[in-house]
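Reviewing the structure listed below.
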Amino acid sequence: MPPSGPFSFADTDKHVRAAPVPPPHKTITEEQIQTLASLIKGPIHRRGSPDFEFHSTVFNGAVKTPACILAQPLDAQDTSRIVIFCAQHGLSPSARSGGYGTHGWAVEGDVIIDLALIDDIDMELPGPEGEYIGLRDMTPKGKAPAVPTVPPRKEKGRAVDGSNAHIDSRWTDFSGPFGAPPNVLGRRTAEEAFGPEDEISEEADERPRANRPKAESSGSVPGGGQGQGRSGWGQRTTQVPTPPMGTPEMTASSSANLRSPGEQIHLTLPQTQLQPPSQQQMLISPPLTEAASLSERTPSHAESVSSAHSPADAGSSSPLSPAPHTSSSPFSFPDAPSTSTEHAHASFGPSTTYFTSSPATPPTPYVYATFGAGARQRQVDEYSAAHPLPGESAFGQPIMVPYHVPFSAHPVGTANMLLGGFGFLTRLRGLSLDALVEVEMVLADGTIVIVNEKENSDLWWAIRGAGSAFGIAIRYKVRAYPVPVVFAGNIVYNFHKSTAASLLKHFRDCVKSAPRELYANAILTAGPRNKGALVVIQMCYAGPREHGAEFLQAISSWDGDRCLLVDVEEKQFLHQQDSVAKVLKGGLGRKWFIRSDLITTLTDQMIHDSVMEFGDTPDGCTWLFELSGGAMGDVEDSVLPTALRKACFNVVALHQWKIDENDPECVQTAERWITNTISPQSAGGPLPCLFERRENVARTISTYGSENWSRLCALKRIYDPTGMFKHTFWPSDGHGLPIGVQTEEDGSDGTDSGSGKGKVREGRMDSFLEM
Ligand SMILES: Cc1cc2nc3c(=O)[nH]c(=O)nc-3n(C[C@H](O)[C@H](O)[C@H](O)COP(=O)(O)OP(=O)(O)OC[C@H]3O[C@@H](n4cnc5c(N)ncnc54)[C@H](O)[C@@H]3O)c2cc1C
């Protein structure tokens, strides 16, 4: 079916969402804009302005928004007022965090609520009983806009072509050099010395300076609050300079930035901990004898290409040659051999002192991380890496232990805290949303609530898997876990129809009863027609190298074909997180389509059929078998049913193609494969974070299971009966109303949790705007 409409796909299939293509954007008067401006502290951008175009552009630039304005709240109160404003004027809001949803729902509303300025990050130590500082007691400062609340109307004719030039600067710069996160060290230090500049730090939210609102380009608008200034929250996240790993400054200051409930902690480490690594310490991570033996057949990252390929190979069809730069395959690893070597030196160097291949004793089982919904996962991971706690290796050596939230890999935004979030730590710690302890949220009627196990417990159940349909999350309080080191990387083979099934079966059998520390996937990725496809096995062992090496050895023992590359090594978790962003750069400015399912078993027949089908997919298609289960299956009474949580593989088709082309084959091959080959073993459906625009309603319901879906419908009837949050996975009827909500007969069994009855806050919206 040829793509059409602003969202690329014409959903004429009667089983898909009834109103998928948004109507033309609504108009909003200047007076209304000024009214909203007088109500909120954050800036508002009019459709057509460069700032609007910039902030409404999703990750690949493939979605054209129908919105008339984009508002950037500074806090929950701002967000509440925007929601109420929308209700009063018959406008629908859509919340945008990272804008990585390929469906584009984040920018589908009449009013985009871009949470980018709410990106504070903080960490604290738990109290003796696991206590934490509640979000209610943490004053959000927000980022003051460096501009008046509504930039003046831009002159007609300002070109906004939506071209990729715009995207390039924004999305290609997100990952700084490995091991040297683009923190704001230099700038902040200068700020502390000389006071804040007029402009918001571009580094803090990864948006290029050229695209930040500029004071000089804006006129003053009465009523626009300037927020709380740049001190406080913003400073709290960055006030501590982040020197290279292992320096005294880092140790002392980073610890000081971790707070126990009600108390600031000041840790002063003995100077001995801060010395460069001694020979003895370096020997903690000896070169692996297993790895050495592997290298005879499967060369190490440093020598893989030269030994696996002759120079002639490299210049011809090798998928590792420079040519794959032109490929749209996200996993073509164009620079893998050289970059991995560089990284090993550039990133770690003497700082390896603070990593250990032996079991480490972390100072505490977990800490609490607090972050705004506009923070990127990468920002939070950078913060974690820059603020480790002092721990101890098995040999009594001091090590620094960073604490990470179990995010999915970079570069996506934080909406996963409500929708899933499958990543390298999922089997060990659960999904991203399983780490939640508290959320600050704005509901459809503008009410600001704290949602946790005890407060609004009905919502607590619903938002951890279906959250985007119930409110707009403002701030998250989350558990972060110690990740001293990971043993991670890729094992790469050429894809051959004749041998790939054997490799996939071997992979499956190797990881069958793996411990939770092991994340592993097998990826089939199609290259350009003359380049051939690859099979990539990616592993990330969140534990000591010697344990992880057992799996590397087992996986690498497959002798059905020549291995092109092994770049599995000990590294900082942040580096591993970045690896996905690196390889996904190939997808910039492309259309994307994701189709996924969780399965209960991966049979020989499924593997065989998958390999045969994959051989016929176009360039840019990637199929992924991700080992699932583990801690994800521990959670009871979850909106995501146990069967889903205990599934054995997360299977994903990630297809991308040229932004200016229609390539129905890319969509059809993904749908066909998942529907015919994978879904017969479905555990229910995909994780909500992997729902797509073309999602079948039955599949959406099936993900939650009929019982949970009924419970969700009952809650939706209480909290959002008119579908204020319609730009989400929740299917709408032909009138744009949420299905299963309007009548008892309409998809709901009438089940009601009871606890939420009577919570409809009538009259609340008016009173807010009258203030
Ligand atoms: C390149 C790429 C790689 C990916 N890798 C992974 C992966 O490894 N693991 C994984 O689990 N998923 C992965 N995904 C899927 C991705 O995690 C989801 O699309 C996720 O929702 C993106 O988060 P975001 O903040 O960028 O979402 P957005 O696009 O900003 O929003 C997604 C939805 O949530 C709503 N929303 C956004 N913010 C809020 C808020 N604060 N409150 C309420 N609702 C909100 C939006 O309105 C929209 O409906 C990947 C996607 C891409 C494109």
**OP:** Determine the alpha carbon to alpha carbon distance for each of LYS477/LYS646; LYS512/LYS716; LYS505/LYS646; LYS531/LYS646; LYS505/LYS571; LYS26/LYS591 and list only those over 31 Å.
**Re:** LYS512/LYS716; LYS531/LYS646
Original post:
Tally Lys/Arg at +1 and Asp/Glu at -1 over every other residue whose Cβ is under 11 Å from the Cβ of VAL651; what's the total?
Top reply: -1
Original post:
Just the accessible area for LEU436, please: 1.4 Å probe, Å², rounded to the nearest 10?
Top reply: 10
Original post:
Given a 1.4 Å probe and every protein chain left where it sits, what share in percent of the accessible area of the range 509-654 is carbon and sulfur?
Top reply: 47
**OP:** Report the label-to-label distance for THR361 and LYS512 in nanometres (one decimal), using points 7 Å from each Cα along the Cα→Cβ vector.
**Re:** 3.8
**OP:** Once you have a ≥ b ≥ c as the square roots of the Cα gyration tensor eigenvalues for the range 364-523, tell me rounded if a/c is under 1.5, and otherwise prolate or oblate according to whether a/b is larger than b/c.
**Re:** oblate
Original post:
Highest mean first, what order results for 495-503, 378-386 on Cβ atoms within 10 Å?
Top reply: 378-386, 495-503
Original post:
If R0 is 60 Å, what FRET efficiency do you get for THR499 and LYS454 from their C-beta distance, rounded to 0.05?
Top reply: 0.60
Original post:
For the range 23-83, with every protein chain kept in place, what is the accessible area per residue (1.4 Å probe, Å²)?
Top reply: 29
**OP:** Subtracting the Cα-Cα distance from 0.36 nm times the residue separation, let me have the gained length for PHE395 to THR675 in nm, one decimal.
**Re:** 95.6 nm
Original post:
So, counting K/R as plus one and D/E as minus one, what does the shell of residues with Cβ under 15 Å around ASP434 add up to?
Top reply: +3
**OP:** Highest first, please rank the peptides 538-549, 705-716 by the mean number of other Cβ atoms sitting within 10 Å of their residues.
**Re:** 538-549, 705-716
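The values are calculated or read from the model by the stated rules, or taken from the named source; none is laboratory data. Only a predicted model underlies this, so the values are computations on that prediction, with no experimental measurement involved. Using ideal geometry, Cβ is built from the backbone for each residue, glycine included, and neighbour counts are taken over all protein chains shown. Ligands, DNA and RNA are excluded from the accessible area calculation, which covers all protein heavy atoms including side chains. Shrake-Rupley method; radii C 1.70, N 1.55, O 1.52, S 1.80 Å.
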